[in-house]
Amino acid sequence: MGKVKLWIDGQEVEVAEGTTVLKAAEELGIFIPTLCFHPLLRPSGNCRICAVEIEGYRGLPASCSTPVEEGMVVRTNTDRVKEFRQETLKAILMDHPRECIACPKNQSCELQELIAYVGIEIPYKAPTEKRFEVKDGGPFFRRDYNLCVRCGRCVRMCNEVRGVGAIVFKEVEGRQEVGTPLDRPLEEVGCQFCAACVDVCPTGALMEKLPRWRAEAKAREDSFCPEISDIVLSLYDRYREREYKSSICPYCGVGCRLIFEVQDGEIIRTRPDPTGPANNGLSCVKGRFGIAEFVHSPDRLKTPLMRKNGSLEEVSWDEALDAVAKQLSKYKPEEVAVISSAKCTNEENYVIQKLARAVLKTNSVDHCARL
């Protein structure tokens with residue numbers, strides 16, 4: 001692939017053919033604001049926030065979808081570009097409610113960051129009535145399309161990347177809105193509840209439901225003053241110390257890398273790691289929503305149990321392993337078979353087959369995914 005040389009804001013850069021202006025600017029460390037763009041999705045250029053000025057071009061093309069050309073001269077922050085972005089963002093915000101302080105995404109919202117960067121004052125009186133009823137996204141997330149800016153990220157993620165098509169654009173009262181085909185529940189349109197749509201949403205339109213500890217706190221606050229409970233909890237949550245740790249999902253052997261949000265030594269939320277080589281920033285419903293309850297379940301066994309006198313009793317690992325080894329020693333290699341589990345990691349499955357072949361001397365090894 002050949003190289004293309006161009007100038008962006010007076011700086012020379014050489015990039016591969018087919019590179020977009022947005023990506024070329026990133027290589028120079030030049031920031032161009034975006035809204036509909038996401039690195040996991042094909043560029044669409046719908047929102048026009050990333051518009052730039054290019055010599056010889058009519059209008060202001062979208063940098064996220066415009067490929068570079070030899071000798072191209074790009075300006076990303078002229079007065080004309082700034083004014084265009086401001087007017088475009090004002091149009092996007094015309095029916096967006098001003099409920100930031102009570103929104104769970106307050107201070108982690110891309111729209112807030114965009115407004116601050118573009119530099120506009122909110123140009124309208126806040127809507128007093130919601131256009132849409134807040135809907136469940138199954139047991140895991142909620143959909144408040146009053147906060148939607150119609151960037152299309154969730155629609156493209158569900159269709160282009162996940163290949164499900166559970167979320168679509170549809171016409172409502174003469175305008176394009178996000179929803180499900182024929183407005184049916186997500187359970188009926190093939191949704192896998194992977195929450196990839198939630199992860200790419202730039203606002204609070206798609207948000208996972210409250211973790212257990214926060215749901216309990218909200219119930220207490222609602223009993224005192226439900227009108228401001230969301231605001232109180234949002235402010236309180238902002239100052240809770242938390243850690244973010246990247247590790248491998250324990251559910252199966254695919255090796256998806258997740259980011260675990262930990263508070264007070266407990267996992268409260270998981271998200272796919274964008275840098276995970278096996279999952280490329282995606283996860284299944286189990287990895288996204290099932291780990292905290294699974295890891296911290298009070299029913300989870302923490303010590304081995306052995307049946308003694310008709311009941312199961314806790315024993316040490318040494319005693320349990322000795323009992324297993326004693327029972328296995330009664331059988332010849334051809335009388336033993338080992339079945340491993342898809343819920344183990346690849347490393348654990350390797351060790352169990354090594355145990356079977358090297359210690360138990362059997363080649364009768366299989367995997368539960370074939371049953």
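The values are calculated or read from the model by the stated rules, or taken from the named source; none is laboratory data. Remember, it's a predicted structure, so these values are computed and weren't measured experimentally. Glycine gets a Cβ as well: all are built from the backbone with ideal geometry, and neighbour counts include every protein chain shown.
Within this structure, Thr270 passes the test of being in contact with a helix residue (DSSP H, G or I) (Cβ under 7 Å, 6 or more places away or on another chain), under 30 Å from Cys197 (Cα atoms) and polar (S, T, N, Q). Note on region 308-371: no enclosed strands (runs of 3 or more DSSP E) hold 3 or more residues that are surrounded by fewer than 11 Cβ atoms within 10 Å (Cβ to Cβ) and not acidic (Asp, Glu). Every test in (1) β-branched (Val, Ile, Thr); (2) over 30 Å from Gln192 (Cα atoms); (3) out of contact with any Pro (no Cβ under 8 Å at 6 or more places or on another chain) is passed by Val134 save one, and that test is (2).
Residue-wise test of (1) buried (at least 18 other Cβ atoms within 10 Å of the Cβ); (2) out of contact with any Lys or Arg (no Cβ under 9 Å at 6 or more places or on another chain); (3) assigned by TED's automatic domain parsing to the domain that holds Arg153.
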site: Phe31; (1), (2), (3): no, yes, no
site: Cys36; (1), (2), (3): yes, no, no
site: Pro39; (1), (2), (3): no, yes, no
site: Ser44; (1), (2), (3): yes, no, no
site: Ile49; (1), (2), (3): yes, no, no
site: Ala62; (1), (2), (3): yes, no, no
site: Glu70; (1), (2), (3): no, no, no
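Examine region 14-21 for a residue that is within 23 Å of the chain's Cα centre (by Cα) and either over 18 Å from Gly71 (Cβ atoms) or free of Cβ contacts under 8 Å to residues at least 24 places away in the same chain (or both), and state whether such a residue exists. No. Pairing each residue of region 335-347 that is touching a residue at least 40 places away in the same chain (Cβ under 8 Å) and closer than 13 Å to Asp366 by Cβ with any residue that is of a type in the set (A, V, I, L, M, F, W, C) and loosely packed, with under 14 Cβ neighbours inside 10 Å, provided the two are 6+ apart or on different chains, yields C-beta distances under 6 Å for Ala342/Cys368; Ala342/Ala369. So which residues in region 247-265 are in contact (Cβ under 8 Å) with a residue 24 or more places away in the chain, aliphatic (A, V, I, L, M) and part of a strand (DSSP E or B), if there are any at all? Passing the criteria: Ile248, Leu258. Could we say that Glu26 is farther than 27 Å from Asp199 by Cα and of a type outside the set (Gly, Ala, Ser) here? The answer is no for Glu26. Quickly run through region 266-291 and pick out the residues that are assigned to a helix (DSSP H, G or I) and either surrounded by fewer than 19 Cβ atoms within 10 Å (Cβ to Cβ) or under 13 Å from the mean Cα position of the chain (by Cα) (or both). Matches in region 266-291: Val285, Lys286, Gly287, Arg288, Phe289, Gly290.
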